[in-house]
1. In this structure, is Q195 over 30 Å from N396 (Cα atoms), free of Cβ contacts under 8 Å to residues at least 12 places away in the same chain, touching a strand residue (DSSP E or B) at 6+ places or on another chain (Cβ under 9 Å) and surrounded by fewer than 21 Cβ atoms within 10 Å (Cβ to Cβ)?
2. Mind listing whichever residues of the stretch 329-345 are within 17 Å of R367 (Cα to Cα), surrounded by fewer than 21 Cβ atoms within 10 Å (Cβ to Cβ) and at pLDDT 70 or above?
3. Hey, among S73, S64, S60, which residue is more than 30 Å from I276 (Cα to Cα), in a loop (DSSP other than H, G, I, E, B), among the small types (G, A, S) and modelled with pLDDT under 95?
4. In a helix (DSSP H, G or I) and at pLDDT 95 or above: which single residue out of L171, L181 fits that description?
5. Among S186, S174, S106, which is the only one that is out of contact with any Pro (no Cβ under 8 Å at 6 or more places or on another chain) and either surrounded by 13 or more Cβ atoms within 10 Å (Cβ to Cβ) or at positive phi (or both)?
6. Tell me, which residue of the stretch 82-111 that is touching a Lys or Arg at 6+ places or on another chain (Cβ under 7 Å) and assigned to a strand (DSSP E or B) is farthest from F50 (Cα to Cα)?
7. Considering only residues that are within 30 Å of G219 (Cα to Cα) and hydrophobic (A, V, I, L, M, F, W, C), which ones fall in the stretch 120-153?
8. Within the stretch 29-49, restricting attention to residues that are of a type in the set (S, T, N, Q) and part of a helix (DSSP H, G or I), which residue is farthest from G405 (Cα to Cα)?
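The values are calculated or read from the model by the stated rules, or taken from the named source; none is laboratory data. Being a predicted model, the structure only gives us computed values, none of them experimental. As a convention, Cβ positions derive from the backbone with ideal geometry for all residues, glycine included, and neighbour counts pool all protein chains shown.
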Amino acid sequence: MSKRQIKLGAFIPTTSQHAAGWRHPQSRPQDHLSIDYVIELAKTAEKGLFDAYFLADGLSVNWSHGASKSKQSIGYSDKVVGFEPVTLFAAISAVTQHIGFIATASTTYEEPYLLARKFASLDHISKGRAAWNVVTTISADTARNFGFTAHPDAKVRYERADEFIEVTQKLWDSWEDDSFLYNKESGQFFDASKQHEPLHAGKYFNVQGSLNVSRSPQGYPVIVQAGQSEDGRELAAKYAEVIFTAQQSLEDAQAFYRDVKVRLGKYGRHSDDLKIMPGVSIFVAKTEQEAQEKYELLNSLIHPDVGLGLISGLAGDIDLSQFDLDAPFPKLEDIEIKSSRQQMMIEIAAKHNFSIRQLYEYIASARGHWTLIGTAEQVVDQLQQWFENEAADGFNVLPPSTPAGLNDFVEFIVPELQRRGLFRTEYEGITLRENLGLKRPENRYVVAKPNTAEAS
């Protein structure tokens, strides 16, 4: 049996992760919609043997990454526009060979048939390197773009997500793997008996016909999820094969890891069927002082309005502009907690007795995810501790700046992980599933055939 090794995702928006990352001296914000630049970043990640390139996505202009709506006229936010990820990854897959692609798509504002078709196509185009990051969409602004007067509440969104994934998987099973014969002599292109309609009629969806894309190389694209609420954990336990999560301490990460892994048994799943990968932002250099200077440089570039907007976006649209930035973070007892990330922001401020400025500097690099600063040895010591103590199966790396932060990870962290035998020296397989160590799902209709025969 091969030794367990760390899995790595690269969460690389073109303008970087840190709230001021696009202002880094080496940053290239003017290239944020350049396909050539994205290809460059993807190839760097592939050189570093990352399992996958991950992109978040939304369906409205994103004001929350550093600019409140009151500051729209100024235009501080670097996340207001971006590529649609499936389209982008289809293009990048043609010039890469190994790295997988995790594209975000919403179960609240998309439809199962169209989404299943897009992701099956991406899996074919990439030769088995596609993954779907399932989101229910937290931004209420999105409702305005789809003709809704109100954004559905969390309960409805998660109910819809559950049925949405069920329908999507049925669609991906529309064709058995050996359905297509291409028999020139007989003229038979496919075996019609191996085509299956989902005939789904549920609370939120009525989808009857088969998908008009054949079963893809991975069977299903890898299912990824990032929810930390009770509903999010349950959805992950039922369907997810990778979960991105946010914790600040080993103890919190262990508690989350063990809780979700235990839930898998309820759905007949094994612990190895789900890879838990906390987010981590890393500032690394040859010396600890140099790494700290990299961290302080980016924090020095945060405009106060960007910091306030960042907190507002993460902590529930609260307006902190009336407060002194260097005064203690105000008590917010009357705030309605709407998300796990909002709760985390409030807890971080209380735990560290942060001022408003200290809080936004603390979260600027990773928005509540883990931040590490130090030499390669110091950083990997901590990654290894989490990996070996039931806190993580790998990590979703959030480079604080691009390309510099990504280059630093590949130059410093990857060799140290390899030196300790914690990370691959070459890709194990062709598909994303193979590299992640995930099994290929069987077609539900093939699995059911023996039972049908016995019943008859």
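1. For Q195, the condition - over 30 Å from N396 (Cα atoms), free of Cβ contacts under 8 Å to residues at least 12 places away in the same chain, touching a strand residue (DSSP E or B) at 6+ places or on another chain (Cβ under 9 Å) and surrounded by fewer than 21 Cβ atoms within 10 Å (Cβ to Cβ) - is not met.
2. Hit for the stretch 329-345 is Q343, nothing else.
3. After applying the criteria, what remains is S73.
4. L171
5. S106
6. Applying the filter and picking the extreme gives F101.
7. A120, L122, I125, A130, A131, W132, V134, V135, I138
8. Checking each candidate, the answer is Q30.
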